[in-house]
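I have placed the structure first, in the form of structure tokens, so that the comments after it can refer back to it.
The values are calculated or read from the model by the stated rules, or taken from the named source; none is laboratory data. This one's a predicted model, so the numbers in the text were calculated from it and none came from an experiment. Methodologically, a virtual Cβ is constructed for each residue, glycine included, from the backbone with ideal geometry; neighbour enumeration extends over all protein chains shown.
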């Protein structure tokens, strides 16, 4: 088997490797989690076991098993297995491997090319793989933490199977840590974790298996090793000392950024202040621009609250000004106040729905002239435009008069809700009109 996985070429190098490397699964049965992606009956497991793998792109967060799956493929296939990392690789590296693969193909042997961090290759570098993937000179196994539909060429996507890996759940992370404590490749039974220490590692990992094993290894380094008969105890304090801060993943212009802001907006719309504060905290902790957050709150204040509570827009605008003038850390309070106000406010999308309906009419309907009595009165000849009734001259400040152009009737666009201030104004306007009519 040809491979560039030099870190596992011999036992000596493996013994000095990080715990996460030593504990990489040697088969699919040892892989923890990812039942949907490569569990029994899945396409990926079947293709690996039968050694009929076609080009695939493994997509998921860090520490979910993408490189581990590549190692499993390398260990189980009869094909040549080579790796090029997109971090330092070049087009020349790709061409060299493609040429070698073509030579093997003439000898009747397939080549699987693993490209780690494939999203880091630019478009030209990705394009250099197209022909070889299309005619199966190589079987591409790409790994990426970024959404391949945005970061990988469409032509490569169309020639590959996309397999998405998910963050490990808490039970999977705990299982991974327990295996590392007992396995001869890991800590070989020389340590044991208290329940509190295990819980702390699971929380710190946040679904990242590599991070969990790294936390375990760092904590073990602070405790004198024991023996399988008398294992050393790793407690919560050792875990906290080894890894005092949890690194919650957050990207400021990628998928997670958009997923979290979407959850934040939907939580405001859904009137759940606790969810609003959680997603707000995720963004603040990730260093999101406070003005970006404030803009989303302002949009929601009109889009989802609207005239059910007009005060929401004023509070959101004040939060934006606070974010602009004050900044972190204090403006987190202004953002939290505005976001929870919007979450708790009565909801109406009548303003958004109304303007969108009016725009559809303007763009798709006939060009309707302004009624004569509403036209500007400052130019010569305007005295012939018709009789405009000045509402303030009438009881209640209202008089029956046509404001829409011909062909449109009242209620064509604006359908107020029966919630909050909007409902009150419906009733108030009805009373005003009745008084004016009488």
Hits in region 229-250 (condition: part of a loop (DSSP other than H, G, I, E, B) and farther than 28 Å from residue 288 by Cα): 229, 230, 231, 235
Boolean, residue 385 is loosely packed, with under 14 Cβ neighbours inside 10 Å, more than 30 Å from residue 267 (Cβ to Cβ) and free of Cβ contacts under 8 Å to residues at least 40 places away in the same chain: no
Failed item in (1) at pLDDT 90 or above; (2) under 50 Å from the mean Cα position of the chain (by Cα), with residue 432 passing the rest: (1)
Single residue of region 119-159 satisfying the filter (within 19 Å of the chain's Cα centre (by Cα) and part of a helix (DSSP H, G or I)) that is modelled with the lowest pLDDT: 150
Qualifying residue in region 132-141 (condition: crowded, with 17+ Cβ neighbours inside 10 Å, over 22 Å from residue 72 (Cα atoms) and in contact with a helix residue (DSSP H, G or I) (Cβ under 8 Å, 6 or more places away or on another chain)): yes
Hey, residue 226 in contact with a helix residue (DSSP H, G or I) (Cβ under 8 Å, 6 or more places away or on another chain), at pLDDT below 95, over 25 Å from residue 45 (Cα atoms) and assigned to a loop (DSSP other than H, G, I, E, B) or not: no
Residue match in region 87-98 (condition: in contact (Cβ under 8 Å) with a residue 24 or more places away in the chain and within 28 Å of the chain's Cα centre (by Cα)): yes
Region 56-85 - residue that is closer than 16 Å to residue 113 by Cβ and under 25 Å from the mean Cα position of the chain (by Cα) and, of those, modelled with the lowest pLDDT: 85
Test for residue 187: is it touching a residue at least 24 places away in the same chain (Cβ under 8 Å) and in the same structural domain as residue 81 (by TED's automatic domain parsing): no
Matching residues in region 251-278 - criterion: being farther than 23 Å from residue 319 by Cα and either modelled with pLDDT of 90 or more or not in a helix (DSSP H, G or I) (or both): 251, 254
Scan of region 390-411 for residues that are assigned to a loop (DSSP other than H, G, I, E, B) and surrounded by 12 or more Cβ atoms within 10 Å (Cβ to Cβ), ordered by number: 394, 398, 399, 401, 402, 404, 405, 408
Scan of region 17-72 for residues that are part of a helix (DSSP H, G or I) and closer than 14 Å to residue 143 by Cβ, ordered by number: 37, 38, 44, 66, 67, 68, 69, 70, 71, 72
Scan of region 77-94 for residues that are crowded, with 17+ Cβ neighbours inside 10 Å and out of contact with any strand residue (DSSP E or B) (no Cβ under 7 Å at 6 or more places or on another chain), ordered by number: 89
Pair list, Cβ < 9 Å and 6+ apart or interchain, from region 132-149 residues that are outside the structural domain of residue 96 (by TED's automatic domain parsing) and in contact (Cβ under 8 Å) with a residue 40 or more places away in the chain to residues that are surrounded by fewer than 23 Cβ atoms within 10 Å (Cβ to Cβ) and not in a strand (DSSP E or B): none
